[in-house]
Amino acid sequence: MGIVIIDGSTVRAFVENEEAFKKSVEERFASLDLNSDGVLSRSELRKAFESFRLIESHFGIDVATPPDELTKLYDSIFDKFDCDNSGAVDLDEFRAEMKKIMLAIADGLGESPIQMALEDDGNSFLKKAADLEASKIAAQAT
Ligand SMILES: [Ca+2]
Ligand SMILES: [Ca+2]
């Protein structure tokens, strides 16, 4: 676990850093694609969201939600990702929707920094956003 302080501009800078964002999306996509067939199935995407609480709160999911309601919510999230209704989410679809979600999270955070405990799995988007910000501050200081 690591504690990071982030605000909207930290998240936004990360999303707008094309190279860093693309790389993170690709890494995350690969780690979520459990059967390595190049697309995310409904259950693969659901596993992803179960481990990504900020997105759950973004979509209004809380732990007290009954299981059948949760399935409906995850289905609606899946449909958002699966733009062409092919029944699977490919890398382009994943990247486009993650970008929208991260920007919406950035708007939600605004200019008030929040302290977050992030799981230190080397694969957290918000951790990467915070790391990018930290490396910029370090670069400015030299
Ligand atoms: Ca897959
Ligand atoms: Ca699709």
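General remarks:
- Unique residue being basic (Lys, Arg), surrounded by fewer than 16 Cβ atoms within 10 Å (Cβ to Cβ) and modelled with pLDDT under 95 when the list is Arg53, Arg46, Arg28: Arg53
- Pairs meeting the criteria (first residue in the range 79-99 and over 19 Å from Leu34 (Cβ atoms) and in contact (Cβ under 8 Å) with a residue 40 or more places away in the chain, second residue of a type in the set (D, E, K, R) and more than 6 Å from ligand 2 (Cβ to nearest atom), beta carbons under 7 Å, at least 6 apart or on different chains) are lacking.
- Residue in the range 9-17 that is at pLDDT 80 or above and within 16 Å of ligand 2 (Cβ to nearest atom) present: no
- Condition check for Ser41: of a type in the set (S, T, N, Q), closer than 29 Å to Ala13 by Cβ, modelled with pLDDT of 80 or more and surrounded by 12 or more Cβ atoms within 10 Å (Cβ to Cβ): no
The values are calculated or read from the model by the stated rules, or taken from the named source; none is laboratory data. All values reported here derive from a predicted model rather than from experimental measurement. Note: ideal-geometry Cβ built from the backbone for every residue, glycine included; neighbour counts use all protein chains shown.
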